[in-house]
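J.: Once you've had a glance at the structure underneath, I'll fire off some questions.
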Amino acid sequence: MNYLNVKSNSKPGIFGALVWFTVLLFSFACKANPYAEQRYVPETYSPVEVIVRKEEKPRAALPEKPAIYALIETTQGNMLFELYDKDASKTVQNFIDLAQGEKEFTLRNGQPQKRPFYDGLTFHRVIEGFMIQGGCPYGDGSGTPGYRFADEINAASLGLDQAKIGQSQYYTGYLYRYIGGELGIRSQREADERREELESNLEKAKNLSVMEILYRLGYRYNNVVKSKKAIKGALAMANAGPNTNGSQFFINQVDTPHLDGLHTVFGQIIQGADIVDKIIASGNGKTTIRKVSIYDKRAK
């Protein structure tokens, strides 16, 4: 529609002039603050119906709640988890299929394999006051199953769309990383030499949301699932950055709010939280996963 030709009781051209003035004012504001615009666009996402292909019989009573449960048996004891098949369906399906030997994977020798992936692996990385990490086929954190898949995270459901980056202590490093990248700063020396410019840009960007900054750094989110926070006992995917999930996972010993929006949480410990402490006390690589069993107790 050409606003200059709209008939009204106003004087000819006044409405159009106001429109153009507003456009020019907005353009000036954007140039004055290049961080004013919102670039976030949610990913197109469709969940899958999680299928448990092998029916396993539990050796002990499960919780009453209809859900999919995973029992991780280790040399330090057993841990039982509820899996979030509705809120992280693709991640849960990957974990189940690897655990039951229903998904083909490829290691360094290049030969495709299909067997229970996690049996015999260790918790190769354990950190007191943080988490335990397992699922690496080589026991050093470098391994993958020969493929990668996307995150399943709704940053808005975690409140990251409302949290301002300038007021979120856990994500300050991501703000510096983003601004440094925008300015082409590649070293601490450059950061020191351009400190005034860097601080000016940090000030301009501080009102952007945490979600917006993480999106600009390459993280991708959907507005469909209801993501869970990385609280104590959370079962989540370990990764090397956005959309680099494979087989490695971690279990929180404590709440880790600084990981919200960065890792897909796909389960929660129900029984055996003390085993996490024992695994940490034993040290890196000292606890072996004997078996991962999957129990489907959903309503049929």
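The values are calculated or read from the model by the stated rules, or taken from the named source; none is laboratory data. Nothing here was measured: the structure is a model prediction, and the numbers come from that model. Note that we place each Cβ from the backbone using ideal geometry, even for glycine, and neighbour counts take in every protein chain shown. Ligands, DNA and RNA are stripped out before the accessible areas are found, and what is left, the full protein with its side chains, is counted by its heavy atoms. Shrake-Rupley method; radii C 1.70, N 1.55, O 1.52, S 1.80 Å.
J.: When you go through Thr172, Thr144 one by one, which is the residue that is under 18 Å from Thr256 (Cβ atoms), hydroxyl-bearing (Ser, Thr, Tyr) and open to solvent by 50 Å² or more (accessible area, probe 1.4 Å)?
T.: After ruling out the rest, the residue left standing is Thr172.
J.: Which ones in the stretch 71-80 are touching a helix residue (DSSP H, G or I) at 6+ places or on another chain (Cβ under 8 Å) and either open to solvent by 30 Å² or more (accessible area, probe 1.4 Å) or within 13 Å of Asp119 (Cβ to Cβ) (or both)?
T.: Thr74, Gln76, Asn78
J.: With respect to Pro66, determine if the residue is out of contact with any strand residue (DSSP E or B) (no Cβ under 8 Å at 6 or more places or on another chain), at pLDDT 80 or above and not aliphatic (A, V, I, L, M).
T.: Yes.
J.: If you don't mind, there's one more thing I want to ask. Do we find a residue being over 14 Å from Ala150 (Cα atoms) and part of a strand (DSSP E or B) anywhere in the stretch 211-231?
T.: So far as the stretch 211-231 goes, no, none of its residues is over 14 Å from Ala150 (Cα atoms) and part of a strand (DSSP E or B).
J.: Could you run through the stretch 84-112 and say how many residues are of a type in the set (A, V, I, L, M, F, W, C), closer than 27 Å to Lys278 by Cα and in contact with a Phe, Trp or Tyr (Cβ under 6 Å, 6 or more places away or on another chain)?
T.: The number of residues fulfilling the criteria is 3.
J.: Only residues that are surrounded by fewer than 18 Cβ atoms within 10 Å (Cβ to Cβ) and among the small types (Gly, Ala, Ser): list them for the stretch 190-246, please.
T.: Answer for the stretch 190-246, where residues must be surrounded by fewer than 18 Cβ atoms within 10 Å (Cβ to Cβ) and among the small types (Gly, Ala, Ser): Ala191, Ser200, Gly218, Ala240, Gly241.
J.: Which members of the stretch 92-111 meet the condition of being open to solvent by 30 Å² or more (accessible area, probe 1.4 Å) and small (Gly, Ala, Ser)?
T.: Passing the criteria: only Gly110.
J.: While we're here: Exactly one condition in (1) outside any helix (DSSP H, G or I); (2) closer than 19 Å to His263 by Cα; (3) open to solvent by 50 Å² or more (accessible area, probe 1.4 Å) is false for Leu160; which is it?
T.: Checking Leu160 against (1) outside any helix (DSSP H, G or I); (2) closer than 19 Å to His263 by Cα; (3) open to solvent by 50 Å² or more (accessible area, probe 1.4 Å), the one that fails is (3).
Okay, residues lined up against (1) in contact with a helix residue (DSSP H, G or I) (Cβ under 9 Å, 6 or more places away or on another chain); (2) of a type in the set (Lys, Arg); (3) free of Cβ contacts under 8 Å to residues at least 24 places away in the same chain; (4) farther than 28 Å from Met131 by Cβ:
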| position | (1), (2), (3), (4) |
| --- | --- |
| Arg189 | no, yes, yes, yes |
| Arg194 | yes, yes, yes, yes |
| Ser209 | yes, no, no, no |
| Tyr221 | yes, no, no, no |
| Val225 | yes, no, no, no |
| Lys229 | yes, yes, no, no |
| Lys232 | yes, yes, no, no |
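J.: Can we say Phe123 is within 19 Å of Lys232 (Cα to Cα) and in contact with a helix residue (DSSP H, G or I) (Cβ under 8 Å, 6 or more places away or on another chain)?
T.: Criteria met by Phe123.
J.: Another question, if that's okay. Tell me the residue from Ala205, Ala191, Ala240, Ala234 that is closer than 22 Å to Thr74 by Cβ and among the small types (Gly, Ala, Ser), please.
T.: The unique qualifying residue is Ala234.
J.: Take the stretch 126-141 and flag every residue that is under 22 Å from the mean Cα position of the chain (by Cα) and open to solvent by less than 60 Å² (accessible area, probe 1.4 Å).
T.: Selection gives Val126, Ile127, Gly129, Phe130, Met131, Ile132, Gln133, Gly134, Gly135, Cys136, Pro137, Gly141.
J.: A follow-up question, please. Quick check on Lys114: is it open to solvent by 50 Å² or more (accessible area, probe 1.4 Å), farther than 30 Å from Ile280 by Cβ and either at pLDDT below 95 or touching an Asp or Glu at 6+ places or on another chain (Cβ under 9 Å) (or both)?
T.: Criteria met by Lys114.
J.: Can you tell me which residue in the stretch 48-58 is nearest to Ala88 (Cα to Cα), limited to those that are surrounded by 10 or more Cβ atoms within 10 Å (Cβ to Cβ) and among the basic types (Lys, Arg)?
T.: Arg53
J.: Among what's in the stretch 177-189 and is part of a helix (DSSP H, G or I) and of a type in the set (A, V, I, L, M, F, W, C), pick the residue that is surrounded by the most Cβ atoms within 10 Å (Cβ to Cβ).
T.: Here the residue is Ile179.
J.: Sort out which residues of the stretch 243-283 are touching a helix residue (DSSP H, G or I) at 6+ places or on another chain (Cβ under 7 Å) and assigned to a loop (DSSP other than H, G, I, E, B), and write them in order of number.
T.: Ser247, Gln253, Asp260, Gly261, Thr264
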